[in-house]
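The values are calculated or read from the model by the stated rules, or taken from the named source; none is laboratory data. Because the structure is a prediction, the values reported are computed rather than measured. Here the Cβ is made from the backbone with ideal geometry for all residues, glycine too, and neighbour counts use every protein chain on show.
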């Protein structure tokens with residue numbers, strides 16, 4: 001269940017500065033100006049915006065574990081990360097995956113181990129509470145696959161406690177039921193280095209010989225519950241896992257050498273300079289460790305650069321520190337541009353022009369990319385999520401940036417807009433929808449393999465990404481009929497994905513409020529009448545979820561239990577912005593619900609012009625990994641206020 005105590009604390013932080021206010025013209029204009037000035041002041045000199053991207057405590061804990069794996073411990077940095085970790089503990093002793101959420105055993109195990117490595121005494125009150133929570137959940141053996149692999153590397157768990165993922169997987173033919181091309185981009189980039197680490201049974205240096213055997217209910221060597229059997233297909237894969245372990249000693253040495261060489265070549269091709277493999281922390285750390293395990297010298301440029309990529313993700317403050325999962329400059333810049341255009345495109349033309357020049361310099365073309373496996377003849381044109389990630393352009397980011405450009409009156413954007421749109425049209429899946437990185441990545445049976453206990457192995461089409469693509473195509477379709485067939489297929493897909501209550505699931509933002517906002521602002525660009533059932537049902541649902549304070553809020557717990565759809569213990573400015581933007585897109589700009597939402601946003605604006613939403617804003621992977629985008633309470637409320645003013649001025 002949701003941690004109500006945490007929610008109350010955060011709710012007080014959000015509403016402490018709230019005072020009654022009327023959304024009159026002066027107050028509205030002043031609020032917009034303050035928010036706009038603050039956002040403009042955060043623009044980088046090169047033209048982009050990038051805000052901190054915070055995950056749960058798993059990643060900073062893993063950074064400490066990485067230092068102990070290598071035997072190279074920065075005591076000052078470790079101490080600061082430990083301060084950060086201690087400050088995130090819930091009252092029950094556990095560590096949740098998102099603000100106010102239930103404890104998560106895998107995150108809790110890694111944090112316990114990291115804090116013990118950092119020198120925290122096992123009898124300290126916070127460590128005892130954490131230990132008690134873990135043991136009450138069945139002990140460390142109940143942690144997920146990634147955690148158990150880490151424990152095996154640190155010799156806290158026998159290798160039989162992790163899935164059999166040999167490097168020979170690299171040699172499997174495309175027709176085989178499991179192949180790298182059949183899983184998501186993030187799974188590929190994480191799995192290939194893990195093939196190396198698991199095949200060679202990597203062993204951490206662990207210079208202080210830190211153990212955490214006290215977190216096991218029984219002796220790890222006797223534990224029998226590593227792979228609980230669920231479905232028939234899962235049992236089949238577990239049987240194959242057992243068979244693989246049996247024949248592993250029979251694999252010829254030449255075959256193993258070939259497989260490891262292929263894994264190494266795959267990693268090196270995608271190392272991606274100081275942006276790192278896949279631009280995501282877990283892949284980057286595993287690649288760094290795998291290269292050295294394969295014999296690449298520590299001072300080799302590839303290894304040196306791989307470490308720089310990891311350390312770039314650190315956020316080091318005066319008293320604490322944490323590690324980000326990745327950077328989000330393209331996403332942040334596209335959304336900031338949309339907000340600033342709504343606020344005052346003419347007045348903001350110079351910073352917007354600078355932002356678009358930077359974005360144009362990041363647009364991809366003929367670079368190699370894994371997406372080309374399914375679309376070899378499609379010309380490039382996408383954007384990645386991060387600074388540079390050419391193997392993995394992001395459909396969602398591409399649509400956001402191209403929409404922002406298409407909504408702009410600034411010159412010299414058409415070529416970028418249409419290259420992006422043609423690429424998006426070509427990335428459409430068979431059902432009319434869009435995944436984030438791949439086409440038809442719907443091999444759902446793979447979710448039953450032992451490695452996939454996190455449930456995030458695939459990248460199927462989702463409503464939120466598809467809506468962004470529809471928004472772009474609909475914006476251009478009146479003058480470019482070649483985009484209409486793909487647009488119509490996407491609208492049909494979105495219609496089929498609408499929930500019975502009128503909402504849409506949000507894969508990449510929390511959750512049904514995000515999904516519903518995404519679809520409504522897309523439908524607004526189409527020629528569908530506002531009386532269409534999609535609009536009507538969505539409007540009814542959004543209005544039904546408004547809270548007494550006039551705002552909206554939704555907990556990440558709705559990914560675990562759909563009955564929490566559209567609900568939270570308190571309202572947030574960014575989710576209220578999504579709701580009112582969605583309602584205005586549906587033709588409800590002058591309804592009392594929108595006015596109340598705008599009043600909520602105005603009441604909760606800080607003196608510095610932005611907002612102070614404490615909660616996590618999006619899933620990385622629903623039910624497994626969540627994120628806080630520190631920019632969401634800076635550009636989404638501004639966008640909503642500006643849109644409301646502009647609708648009001650149309651009277």
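Each row is one residue, and each column tells you yes or no for (1) assigned to a helix (DSSP H, G or I); (2) without any contact (Cβ under 8 Å) to a residue 24 or more places away in the chain; (3) more than 22 Å from residue 380 (Cα to Cα).
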| residue | (1), (2), (3) |
| --- | --- |
| 260 | yes, no, yes |
| 265 | yes, yes, yes |
| 286 | yes, no, yes |
| 297 | no, yes, yes |
| 340 | yes, no, yes |
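If the condition is being surrounded by fewer than 24 Cβ atoms within 10 Å (Cβ to Cβ) and either in contact with a strand residue (DSSP E or B) (Cβ under 6 Å, 6 or more places away or on another chain) or not in a loop (DSSP other than H, G, I, E, B) (or both), then the range 372-384 contributes 372, 373. Would the range 196-214 turn up any residue that is within 24 Å of residue 102 (Cβ to Cβ) and outside the structural domain of residue 373 (by TED's automatic domain parsing)? Within the range 196-214, one or more residues are within 24 Å of residue 102 (Cβ to Cβ) and outside the structural domain of residue 373 (by TED's automatic domain parsing).
Assess whether residue 617 counts as being within 21 Å of residue 521 (Cβ to Cβ), surrounded by 24 or more Cβ atoms within 10 Å (Cβ to Cβ), at pLDDT below 95 and in the same structural domain as residue 641 (by TED's automatic domain parsing). Yes, satisfied. Given (1) over 15 Å from residue 195 (Cβ atoms); (2) free of Cβ contacts under 8 Å to residues at least 24 places away in the same chain, identify the lone condition not met by residue 274. If we test residue 274 against (1) over 15 Å from residue 195 (Cβ atoms); (2) free of Cβ contacts under 8 Å to residues at least 24 places away in the same chain, just (2) comes out false.
Within the range 553-568, is there a residue that is on the phi < 0 side of the Ramachandran plot, part of a loop (DSSP other than H, G, I, E, B), in contact with a helix residue (DSSP H, G or I) (Cβ under 6 Å, 6 or more places away or on another chain) and surrounded by fewer than 23 Cβ atoms within 10 Å (Cβ to Cβ)? Yes, because at least one residue in the range 553-568 is on the phi < 0 side of the Ramachandran plot, part of a loop (DSSP other than H, G, I, E, B), in contact with a helix residue (DSSP H, G or I) (Cβ under 6 Å, 6 or more places away or on another chain) and surrounded by fewer than 23 Cβ atoms within 10 Å (Cβ to Cβ). Of the set (1) outside the structural domain of residue 591 (by TED's automatic domain parsing); (2) touching a strand residue (DSSP E or B) at 6+ places or on another chain (Cβ under 6 Å), all apply to residue 553 but (1). Apart from one condition, residue 297 fits all of (1) touching a helix residue (DSSP H, G or I) at 6+ places or on another chain (Cβ under 6 Å); (2) over 19 Å from residue 54 (Cα atoms); the exception is (1). Suppose the filter is surrounded by 20 or more Cβ atoms within 10 Å (Cβ to Cβ), in the same structural domain as residue 337 (by TED's automatic domain parsing) and assigned to a loop (DSSP other than H, G, I, E, B); does residue 457 pass it? Yes.
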